[in-house]
Amino acid sequence: MNGFNVRRALAIAKKEVAHILRDKFTLIMALVLPLVVVFVFGFAIEFNQSNIPTSFLDQDKSQTSRQFIETLTSSNYFKAEPLFSFSNMPRQLESESSKAIIVIPPQLEKDLLSGRGGEIQILINAADNQSAGSILSYLGQIQKMANAKIFCPSPILVPNLESRYLFNPELSSKWFTVPGLMVIIMTMIAILLTSLTVAREWESGSMELLLSTPIKPLEIIMGKIAPYAVLCMIAVMIVYYCARLIFKIPFAGNLFVYLLGCILFLITYLAQGIMISVVARKQMLAMQMSMLTGLLPSQLLSGFIFPVENMPVFFQTLTMILPARWFMEISRQSFLQGSTLWQMRTPFLAMAALMTLFVFVAFKRFKKDLEP
C-alpha cells in the first residue's frame, strides 16, 4: 500500500481522459491549435522580401546607368519606378511609397571608364530596420550582377565570388520557422493544459476527495500528466508531418534522437505546469502564470525569431535556464543540419539538467501540498 500503485495511477489517468473528452477547449488546444499555428506561422512569416517599392533618379542616362537599372528592375527584389527631380524624394520616403531611392550621378560612366570609380547614392527609409537591412543586402547582390555586366570585357576587374548556402540552399523562411514551431506548440499544450489540471481540482473541491483516498501524490502526478503527454506527442506528429508533407522541409537528422529531445522537453514543461497548478490553485491565475513563465519566453527568448547570439549578454545568460532555448537548437539542427547526438550534447545535457531540476521541485512542492 505504501509503494507506487499502477492501478490507482491509471484510475486517475482514466478520469483525466474523460474530462479531456468532455472539454472542447482542451481538445481544440491539443488537436486543432497545432494545425492552425503551423499554417498561420508557416505561410505568414516570411523574412525574405520581394517587390520592394523603389525609385531611381538617373542623371547620367548612359549605357552603364541603363545596365544598372535593368539589373535592378529585372530582379524579383525591387519594383523600381523612375524619378525626374530631387523635389519628390522626401515625399516618396516619408509616405513610404518608396522604401529606397537610388540616385545615379551625372558622368557615372565617364568616371568609371577613366578609372576614378563611381559612386551611387542610396537613400533608405530605415524606420523598419529589418527591411532596411534586407534592402542593403539585396542591393549588394544587384551591384555584383551589374558589375559583371558592365565590366564584362574586362573580367579581371571583377572578382569572381561564388557563394554556397548550406542546410537551407533556397534561403526559405519556412525551413527556419516551421521546425521552431515544435517548441511553441509543445509549450502551449504541455504547460498551459497541465497548469490547469490540478487548479481545476482545487476549484471544484474534488481535491479534498482525492486526499481522503489512499492515493499517493506521485500517483496523482503520473495519472494526470500521462494523458497530456500523449496529446503532446500527437501534436508533435502533426507538426512533423505538416513540415514534411506540406512545407516540404527535409529532415536530415536521426528521428529517435529528435524524439528523445521531444521527451526531455515535454517532461520538463509538464513538471513546470504541475508546479504552476499547485502554486496557483486558481485556473485563471494558473493560465496567467503559464503565459508569463512559459509561452512568452518560448516565443521571445528561445531564438524562435530573434537569434540568441544577437541579444545582450544578460538575456543570453537568462536563456540558459529556459528549456525552450535548448530544444529550439535541437529541433532546427535535427531538421536542417542532421546533427548527431554527440554534436548536440550541449543542448541535450542542459535540457536534461533542467528537466531533473523541474521534476524534483514539482514533485517536492506537490507532495508537500497534498500530504497532511
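The values are calculated or read from the model by the stated rules, or taken from the named source; none is laboratory data. Everything numeric in this text was worked out from a predicted model, so none of it was measured. Backbone-built Cβ (ideal geometry, glycine too); neighbour counts: all protein chains shown.
Residues in segment 303-353 that are of a type in the set (Asp, Glu) and surrounded by 14 or more Cβ atoms within 10 Å (Cβ to Cβ): Glu329 only. Taken over segment 1-37, the residue count meeting the criterion of being among the acidic types (Asp, Glu) and assigned to a helix (DSSP H, G or I) is 1.
Being of a type in the set (Gly, Ala, Ser), under 20 Å from the mean Cα position of the chain (by Cα) and over 23 Å from Glu46 (Cβ atoms), is that true of even one residue in segment 301-312?
At the first step, the residues of segment 301-312 found to be of a type in the set (Gly, Ala, Ser) are 302-303.
Going one step further and asking which of them are under 20 Å from the mean Cα position of the chain (by Cα), we end up with 302-303.
Okay, now just the ones that are also over 23 Å from Glu46 (Cβ atoms), so none.
Within segment 301-312, not a single residue is of a type in the set (Gly, Ala, Ser), under 20 Å from the mean Cα position of the chain (by Cα) and over 23 Å from Glu46 (Cβ atoms).
Listed by position, the helices (runs of 4 or more DSSP H) enclosed by segment 273-372 that each have at least 2 residues that are small (Gly, Ala, Ser) and either closer than 27 Å to Arg244 by Cα or touching a helix residue (DSSP H, G or I) at 6+ places or on another chain (Cβ under 9 Å) (or both) are 283-290, 323-332, 345-370. Out of Leu266, Leu209, Leu245, one residue alone is surrounded by 15 or more Cβ atoms within 10 Å (Cβ to Cβ) and in a helix (DSSP H, G or I). It is Leu266.
Look through segment 45-59, keep the residues that are exposed (fewer than 15 other Cβ atoms within 10 Å of the Cβ) and in contact with a helix residue (DSSP H, G or I) (Cβ under 9 Å, 6 or more places away or on another chain), and return whichever of them is farthest from Tyr241 (Cα to Cα). Before you say what the answer is, go through the steps one by one.
Looking only at segment 45-59, we keep the residues that are exposed (fewer than 15 other Cβ atoms within 10 Å of the Cβ), and these are 46-48, 50-51, 59.
Still in the running and in contact with a helix residue (DSSP H, G or I) (Cβ under 9 Å, 6 or more places away or on another chain): 46-48, 59.
Working: Glu46: 21, Phe47: 23, Asn48: 24, Gln59: 54 Å.
The extreme case among them is Gln59.
Go through the residues of segment 24-43 one by one and say whether even a single one is within 30 Å of Thr213 (Cα to Cα), surrounded by 13 or more Cβ atoms within 10 Å (Cβ to Cβ) and in the same structural domain as Leu192 (by TED's automatic domain parsing). Yes, the conditions are met somewhere in segment 24-43. The residues of segment 165-205 that are touching a Lys or Arg at 6+ places or on another chain (Cβ under 8 Å), crowded, with 22+ Cβ neighbours inside 10 Å and at pLDDT 85 or above, listed by number, are Pro179, Gly180.
Ala252: part of a helix (DSSP H, G or I) and either touching a residue at least 60 places away in the same chain (Cβ under 8 Å) or buried (at least 17 other Cβ atoms within 10 Å of the Cβ) (or both), yes or no? When the stated conditions are applied, Ala252 does not pass them.
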